[in-house]
There are 2 protein chains.
Amino acid sequence: MNAEQSPLLTDLYQLNMLQAYLQSGRTATAVFEFFVRKLPDRRGFLMAAGLEQALAWLEGLRFSEEELDWLRGSGLFSPDLIETLRSFRFTGDVDAMPEGAVFFADEPILRVTAPLSQAQLVESRLINLLHFETVVASKAARMVLAAPGKRLVDFGLRRAHGAEAGLLAARASHIAGFDATATMLAGARFGIPLSGTMAHSFVQVFDDEARAFETFAKARPDNLVLLIDTYDTEAAARKVVALAPRLREMGVKLHGVRLDSGDLAALSRAVRGILDDGGLREVTIFASGGLDEDDLAGFTRQGAPIDGYGVGTSLTTSSDAPALDCAYKLEEYAGLARRKRSTGKATWPGRKQVWRSYDGAGRMIGDVISVEGDAAAGEPRLRPAMREGRPVEPQPSLAEIRAHAAEELRRLPEPLRKLEPGWNYRVEVAPRLRRLAHEVDRRIDAIARS
Amino acid sequence: MNAEQSPLLTDLYQLNMLQAYLQSGRTATAVFEFFVRKLPDRRGFLMAAGLEQALAWLEGLRFSEEELDWLRGSGLFSPDLIETLRSFRFTGDVDAMPEGAVFFADEPILRVTAPLSQAQLVESRLINLLHFETVVASKAARMVLAAPGKRLVDFGLRRAHGAEAGLLAARASHIAGFDATATMLAGARFGIPLSGTMAHSFVQVFDDEARAFETFAKARPDNLVLLIDTYDTEAAARKVVALAPRLREMGVKLHGVRLDSGDLAALSRAVRGILDDGGLREVTIFASGGLDEDDLAGFTRQGAPIDGYGVGTSLTTSSDAPALDCAYKLEEYAGLARRKRSTGKATWPGRKQVWRSYDGAGRMIGDVISVEGDAAAGEPRLRPAMREGRPVEPQPSLAEIRAHAAEELRRLPEPLRKLEPGWNYRVEVAPRLRRLAHEVDRRIDAIARS
């Protein structure tokens, strides 16, 4: 039971509900939408990601014999249900914003239209995939905006929350504009460019830094980046200068040095000076060590001579906002719009669409949320992504998704490019959607009174 | 390439370093230790978890033909290295604190002793596993302390960071004292008790709550818990009372009701009153909806009549502290102790052990960190976990690990049982370890001057 594929990676209540739907003959078409209720503090927008994984998971969804055996042995479910699950496939439709899309609170970014049991069972894993990649893409976009023109590399596998998180964080950050990742499997699986230097342990094994550098250079003559903060950063920079002629003799091109601790702005200036004085003007400075987007913005403001950043924990855990207040909610069943009215969690009913308008310069100026058939002005944001259980072809390549994300960031209004936007983008709920909500409320109230 | 098993789930620099170690003949024994540098805000202790997964991963570590092919095709590595990787196995030793152990900053919770290339290659994934389960177990322990005597259920799959995070969060929280999880695969893989109710969508499909409740009851006659906040919580509680005779006729025992929104303390009192007045004194009240340990402590303080909690996002993302400042550092190579001296990140060198002392009542009173062979007083905390690549038998069962964790929580000093400890547990660095650090520094300085 591979966790990434198993349909048992779901909440028990999904199967409880399937059992009840089966017994009560509730098999009509249901419409669920995934959206974020409220943006986290300091976030002026979010960036959608995870659709490719969600579609692949839906397409491959089936119960193995091993899984059916386990369900049977659990004693929790009727033989009828288990027999139904044997032939379970997802045959529904999905409409979604493309990955890389900039979106806002209450805007559905994915809609599932399928027989009720299918649309219900997939809830847990769909949220699990879309939520996480969206969290990371949204965080990564902030770093991209904070460090214009700098090389950004994902260093965050080790503190990502498990294997899949490490892997998908590399993908989501690459979509948002990161240049490369240190995670090899992300290179193997998604073709993301890899980047990596050396660890402090390497220097410690040799005790003698210069000897460690030379040994590493021999083994890695291409794209050589030396880590220079194990003992004393400025002393190590001078060792690099002293070693440079020897590296040239060996035919090694020194690409850069990496700083991983201390006052990085001050050290980068000192090291830049030492390298320049030593004739190593073309050697780049790469910085890492617990950085987040505020650090990056600080270095940008100070004009620190740093050419690129390795960002780890703050990126792959989205440390200041590791979760979004998101939901996957029933909006229609058997042709009737539905809504949840729980305190503080009421939803807009029905199949919805989002339209976006732009100013003359191509910057986004406002969105409208309405029912699907409404003729609102602007660009419709949700598009067909899957029909009858098959992804709509052609699916975009990772490079195309990344280009789309870059275009979306270019179209952001100026205040949303800041780390503290303090400004709300205009998202309107159209009159037709408000009327539908009232109609649904009247129907529910009538049933409650009857 | 299954992400949970693949040795390519590592950082590029690990293989870069292996290449250099291979070429320079650095094959002696290395000792690395995993520890946390600093506890997050508001945390007075941490709880170790993830060892079982770490040992299983080490034992199963090998490169498949597919992975070797990819490495070859990447053009990043020498044919020599790829040939070496073909027969790569982990043959080293691991010493560790058992899962469920309470530990503090600077205390190693795991030590790897192995040929350098092995000990180095495993770094990224070992941290990835130990870090995440420790994060969640430590967070879950706070919830367990905040809600004494209450049933706690993990509801956090959907906002956990990917598949493995959802699965391992269920395990880590169960170790720390959670009673059950909603994640089915965690039941299938680890045997953790499952718990689940129904979603709002179920009620919405019927519009009519009473009809939804009855349909669900027919399908799930055991352990029935009804969700009563979709429209109006108190009205729904009265519907439950009205439905009760019918359920009894059907032979269904109503176990509880669930509240998922609104002012849970006030609603629980109102609902308790309605249920009691309706003769349903034995029906329990279960609460959920964006809860964290502070909410739980608040309900405990107010004496809210809530019997159990479903906790999701705050648990599985450890939302206030989604990452630990942890490291896996080289402490010895070829028989010589080593240390990193980078600003703010200096480490204690050598193979270390931690000893713990207790007062007469069995409460912990202080720890000592020293070199392994030191004869400090107290209970040694690191124990053999793997020898020559094989886990030391018998490995504890999940139930035994959970019992150990409960015992550790019982032994906590009183201030550490609070959510705001504001008090530091005493952890001493023994004189022998300080002397060793000085010796290492003298050696490094001598090399630097030479």
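The values are calculated or read from the model by the stated rules, or taken from the named source; none is laboratory data. Just so it is clear, the model here is predicted, and its values are computed rather than measured. Backbone-built Cβ (ideal geometry, glycine too); neighbour counts: all protein chains shown.
Within the span defined as the stretch A:380-397, one or more residues are over 21 Å from the mean Cα position of the chain (by Cα) and more than 28 Å from A:F190 (Cβ to Cβ). Counting residues in the stretch B:237-254 that are in contact with a Ser or Thr (Cβ under 7 Å, 6 or more places away or on another chain), at pLDDT 95 or above and within 17 Å of B:A287 (Cβ to Cβ) gives zero. Each residue in the stretch B:188-202 was checked for being at the interface with another protein chain (Cβ under 7 Å from one of its Cβ atoms) and either over 18 Å from A:E123 (Cβ atoms) or among the hydrophobic types (A, V, I, L, M, F, W, C) (or both), and 6 of them qualify.
Report yes if B:R272 is surrounded by 17 or more Cβ atoms within 10 Å (Cβ to Cβ), more than 10 Å from chain A (Cβ to nearest Cβ) and among the basic types (K, R), otherwise no. Taking the combined requirement at face value, the residue satisfies it. Of the helices (runs of 4 or more DSSP H) contained entirely in the stretch A:194-284, those carrying at least 2 residues that are among the charged types (D, E, K, R) fall at A:209-219, A:233-249, A:264-277. Here A:V94 fulfils each of the conditions (1) more than 14 Å from chain B (Cβ to nearest Cβ); (2) more than 30 Å from A:R26 (Cα to Cα); (3) hydrophobic (A, V, I, L, M, F, W, C); (4) outside any helix (DSSP H, G or I) apart from (2). Can we say B:R171 is facing chain A (nearest Cβ under 7 Å), closer than 21 Å to A:R159 by Cβ, modelled with pLDDT of 95 or more and in contact with a strand residue (DSSP E or B) (Cβ under 9 Å, 6 or more places away or on another chain)? The answer is no for B:R171.
Of the numbered criteria (1) within 11 Å of chain A (Cβ to nearest Cβ); (2) more than 25 Å from B:P108 (Cα to Cα), the one B:R62 fails is (1).
Each row is one residue, and each column tells you yes or no for (1) buried (at least 19 other Cβ atoms within 10 Å of the Cβ); (2) under 35 Å from the mean Cα position of the chain (by Cα); (3) not assigned by TED's automatic domain parsing to the domain that holds B:E52.
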{"site": "B:F178", "(1), (2), (3)": "yes, yes, yes"}
{"site": "B:P193", "(1), (2), (3)": "no, yes, yes"}
{"site": "B:A199", "(1), (2), (3)": "yes, yes, yes"}
{"site": "B:R248", "(1), (2), (3)": "no, no, yes"}
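Among the residues of the stretch A:209-236, those that are under 14 Å from A:L259 (Cα atoms), out of contact with any Lys or Arg (no Cβ under 9 Å at 6 or more places or on another chain) and either surrounded by 22 or more Cβ atoms within 10 Å (Cβ to Cβ) or more than 9 Å from every other protein chain (Cβ to nearest Cβ) (or both) comprise A:T233, A:E234, A:A236. The single condition from (1) away from chain A (no Cβ under 14 Å); (2) buried (at least 21 other Cβ atoms within 10 Å of the Cβ); (3) not acidic (D, E) that B:N16 fails is (1). Only residues that are more than 10 Å from chain A (Cβ to nearest Cβ) and charged (D, E, K, R) were counted in the stretch B:116-153, giving 4.
Among the residues making up the stretch A:102-128, those that are farther than 19 Å from A:V427 by Cα, touching a helix residue (DSSP H, G or I) at 6+ places or on another chain (Cβ under 7 Å) and aliphatic (A, V, I, L, M) are A:V112, A:L116, A:L121, A:V122, A:L126, A:I127.
Checking each residue in the stretch A:399-449 for being farther than 30 Å from B:R211 by Cα, at pLDDT below 95 and touching a helix residue (DSSP H, G or I) at 6+ places or on another chain (Cβ under 8 Å) picks out A:P421, A:G422, A:W423.
For every residue, the table says whether it meets (1) touching a strand residue (DSSP E or B) at 6+ places or on another chain (Cβ under 6 Å); (2) surrounded by 23 or more Cβ atoms within 10 Å (Cβ to Cβ).
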{"site": "A:E67", "(1), (2)": "no, no"}
{"site": "A:W70", "(1), (2)": "no, no"}
{"site": "A:G73", "(1), (2)": "no, no"}
{"site": "A:L76", "(1), (2)": "no, no"}
{"site": "A:T84", "(1), (2)": "no, no"}
{"site": "A:F90", "(1), (2)": "no, yes"}
{"site": "A:F103", "(1), (2)": "yes, yes"}
{"site": "A:L110", "(1), (2)": "yes, yes"}
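Here B:P396 does not fit the description of being touching a residue at least 40 places away in the same chain (Cβ under 8 Å) and either within 14 Å of another protein chain (Cβ to nearest Cβ) or among the hydroxyl-bearing types (S, T, Y) (or both).
Every test in (1) within 21 Å of A:T113 (Cα to Cα); (2) free of Cβ contacts under 8 Å to residues at least 24 places away in the same chain; (3) basic (K, R) is passed by A:R381 save one, and that test is (2).
Just a yes or no: is a residue in the stretch A:148-163 of a type outside the set (F, W, Y), in a helix (DSSP H, G or I) and crowded, with 24+ Cβ neighbours inside 10 Å? Yes, some residue in the stretch A:148-163 is of a type outside the set (F, W, Y), in a helix (DSSP H, G or I) and crowded, with 24+ Cβ neighbours inside 10 Å.
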